[in-house]
Every structure is written in C-alpha cells, then in structure tokens.
1. Scan region 75-95 and give yes if some residue there is touching a Gly at 6+ places or on another chain (Cβ under 9 Å), of a type in the set (Asp, Glu) and either assigned to a loop (DSSP other than H, G, I, E, B) or surrounded by fewer than 20 Cβ atoms within 10 Å (Cβ to Cβ) (or both), otherwise no.
2. Scan region 190-208 for residues that are away from the ligand (no atom under 12 Å from the Cβ) and under 23 Å from ASP85 (Cα atoms) and jot them down.
3. Within region 130-147, take every residue that is closer than 27 Å to HIS271 by Cα and hydrophobic (A, V, I, L, M, F, W, C) and give me the one that is nearest to the ligand (Cβ to nearest atom).
4. Output yes when any residue across region 219-238 is free of Cβ contacts under 8 Å to residues at least 24 places away in the same chain, closer than 21 Å to PRO67 by Cα and within 13 Å of the ligand (Cβ to nearest atom), and no when none is.
5. Any idea how many residues of region 177-235 are in contact with a Phe, Trp or Tyr (Cβ under 7 Å, 6 or more places away or on another chain) and in a helix (DSSP H, G or I)?
6. Restricting attention to region 119-159, and to residues there that are closer than 21 Å to ASP195 by Cβ and in a helix (DSSP H, G or I), which single residue is nearest to the chain's Cα centre (by Cα)?
Amino acid sequence: MIIKTEKDIPSSEITPPEIFQERRKFIQMLGLTLAGANIPSAFAGDNKVFSNLAKSATPDNSLKPTPVELVKNYTNYYEFTFNKDDSTKLAQSMVIDPWSVEISGEVEKPATYHLEDILSQQTLEERIYRFRCVEGWSMVVPWVGFSLANLLKMAKPLSTAQFVKFTTIEQPETMPNQREKKMLDFPYVEGLRIDEAMHPLTMLAVGMYGEKLPKQNGAPLRLVVPWKYGFKSIKAIVKIELLKKPPLTTWNKSAPQEYGFYANVNPAVSHPRWSQNSERLLGSGFFTSRRQTELFNGYGEQVASLYKDMDLRHFF
Ligand code: MTE
C-alpha cells in the first residue's frame, strides 16, 4: 500500500493528545484554518510523529526517503534560475500568503478558494513516492498532501471535462526569469488527462518531510504525479482549468520533440539527447548510485491500465 490515511493507521500510532496540541500549533503557524473535526489529522508539526507515519506508510520498506537537505537544495525552478543550487535562496522572496486557487472551465461550480478553505476540507496524508526527473536523476520524497481528485470534485466536473490545465503564479517582482522573459514562456503550465488527474496516486502537496513545503519546492501548493517525469509536477499552482481539449504545456511548447504531453517515465523511450534507461539516485554515493529506471517509475500496477490502448513509444 502506498497511501496511508488515518483509518489505516493502527491505534498504537494514533497521535497522543500532547502531540496533537503541538500539531495544532504547527498548523496555526502555517496559517491554516482549523475547522473543528476537519483538522488535517495527519499533518503533524512534530517530526517524531511524522517519522512514525513515514515508516508505516512505506509500502515494502524499500523506499528510503532521500536526505531532506538534498531535496531542499537541488531544485528546478526556472522562474528563478536555471541553477539547481540557487533557487533555494532566490525563491525565499516569493509571497505565498494569502494564496488562492481558481477552478474554472468545464465544471458545474467554478470558484476561487482560499488555500485554507481547501485544506480545512481535506485529511492530509503522507505519501512516500519515487520522483524521477527527465534529466536522469531521482529521489524518494515523503510528501504531505491530498488527492487532487478531492479538490476537483468540489468543483463538480462536467462530462465534457477531458483534460486539466494547471498554471503557476505570475509574480515577476520576485521571479527574475518571469520579469526578464528568459528561457521559457511563463507562466509555467502543465496538464493531465482527466482520468490521470482523478487517479488516487495524483496528489497536491502542501508539505514534505513532515514540514510545510519549502518555497523552492513549490509552496504553498504543488502537483505530484509519481509515474510521470518531474516536470509535470508543477509548483505554486494558482489556477486549475478543466478543458475539452489538451492544454499546450510549457515544456511541450518549448521543445515538442523532447518533452511530450504524457511524459510517463519509460526506460525504453530515450530522450533525443540521452538514454532514460537508468537514473542517478540522489543520496548516499551522490555521484555513483545508479538504479534502473522502471516503467511508470514503478507504479505500473496502479496506472498501466490508463494507457492500455496506447503505444507508449509514440505517446512520450
Ligand atoms: N514548476 C514550476 N512552476 N517551475 C519549474 O521550473 N520545474 C519542474 C517541476 N515543477 C518547475 C516546476 C521540474 S523540471 C522538476 S524536475 C520538478 O518541478 C522539480 O521539483 P523539485 O525542485 O521540488 O525537486
């Protein structure tokens, strides 16, 4: 099992009241609204509680989270920089409070939600996922968040909704490459097919390693789609549109022959400039630890049926 929610947790792991109070403080620190019984129960402010959860949420104990310092300090955030070491510092200028998300398009109930109103209706979960970047490196991250499907259902998608488009905030005053219109056509846009978006593995993350998401990792709200290359996991989302047609996504637009719409992890389909057969796992043995890349990043059992009628060599 990959996803662990409160009901799956044995009573021995249920948070004692004194730690719950700590959580409460942490959640208040995040500025999240506490709505009575809807307190995000798995969103612990106490690392000890979260390390319990993390251990039990590991499907077969083989997924060992990458050291948090690496995950925080080796990031891709092109709005700020092309240098993975610099976004940690540069992203700190971002303004992320208040934050709202607009949901529109092919839905019965278009709305703009304050992030705290979204979170007050969710039970947050910790999910330990592999994360594979198209560049050939990978990591294992214990994300904290909830299923994207939960949020989409709040807007009541119409039967005409076939695709979902996600858009990152435009904040040129804090994002140098947006301001200077460098490299990519901002704002960053990503997309999923509706069945991919509704899949239970697809999540919106607000935290990682038991703490709120660092700005450089996409705070306050990012997508995580563990069977797809990392560029699909768009950061700092402010807009979600349900569409009849596939959206034109940022990387697909900038280099269509290199970055497809689907971007499912597939060791058999090389990037035009490098093989995707193996990956460098961030962590111990930083430069030498390599592992074989798995089809759908190892999540084939859960997601292969979404693509049963497609020739994956052509839909990259
Ligand atoms: N989202 C936005 N808005 N801007 C970006 O530059 N980079 C993508 C993705 N989401 C990116 C983004 C890429 S290329 C990757 S590999 C992942 O974020 C990296 O996530 P991480 O920096 O948290 O490891």
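What follows is calculated from the coordinates using simple rules that are stated; it is not laboratory data. None of these values were measured; they are calculated from a predicted model. So basically every Cβ, Gly included, is an ideal-geometry build from the backbone, and we count neighbours across all protein chains shown.
1. no
2. Within region 190-208, VAL206, GLY207 meet the criteria.
3. Restricting to residues being closer than 27 Å to HIS271 by Cα and hydrophobic (A, V, I, L, M, F, W, C), the top hit is CYS133.
4. yes
5. Residues flagged as in contact with a Phe, Trp or Tyr (Cβ under 7 Å, 6 or more places away or on another chain) and in a helix (DSSP H, G or I) within region 177-235 amount to 6.
6. Selected residue: LEU148.
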